[in-house]
Amino acid sequence: MNNVFKNQDIRGIILSKKKQMIDEEVLLELLLNESHFRHKIMLAELKKTIEEIKRLKKLCVMSSVINMKILTALQPLLMKMIVN
């Protein structure tokens with residue numbers, strides 16, 4: 001009878017350890033998934049930021065071109081004003 005209790009205790013300990021290992025494995029997987037999800041969000045935000053920088057760069061170039069065209073168009077008028 002004593003051996004039966006010992007075997008049941010050992011089985012209980014083994015089952016408890018297996019459950020603990022499964023719980024730890026599930027927890028690690030959840031943490032990994034959460035970390036992966038956070039990295040995907042950060043990557044998406046980084047891509048948006050890069051696209052916004054590219055858009056602003058194009059606007060700056062366009063603005064410079066427009067400013068040069070305006071100055072070129074005004075140059076004859078400015079020269080007349082200086083001469084008079």
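The values are calculated or read from the model by the stated rules, or taken from the named source; none is laboratory data. All figures in this text were calculated on a predicted structure; none of them were measured in a lab. Counting neighbours? That spans all protein chains shown, and the Cβs are built from the backbone with ideal geometry, glycine included. Just the protein is used for accessible areas: all its heavy atoms, side chains included, with ligands, DNA and RNA removed. Shrake-Rupley method; radii C 1.70, N 1.55, O 1.52, S 1.80 Å.
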Tilt of helix 2-83 relative to the longest C-alpha principal axis of the chain, in degrees (0 to 90, nearest 10)? 0 degrees
Once you put a point 7 Å from the Cα of Ser64 and another 7 Å from the Cα of Arg38, both along the Cβ direction, what distance in nm separates them? 4.0 nm
Under a point spin-label approximation (7 Å from Cα along Cα-to-Cβ), what is the Thr72-Lys17 distance to one decimal in nm? 8.2 nm
Residue-normalised accessible area of the chain, given per residue in Å² at a 1.4 Å probe: 100 Å²
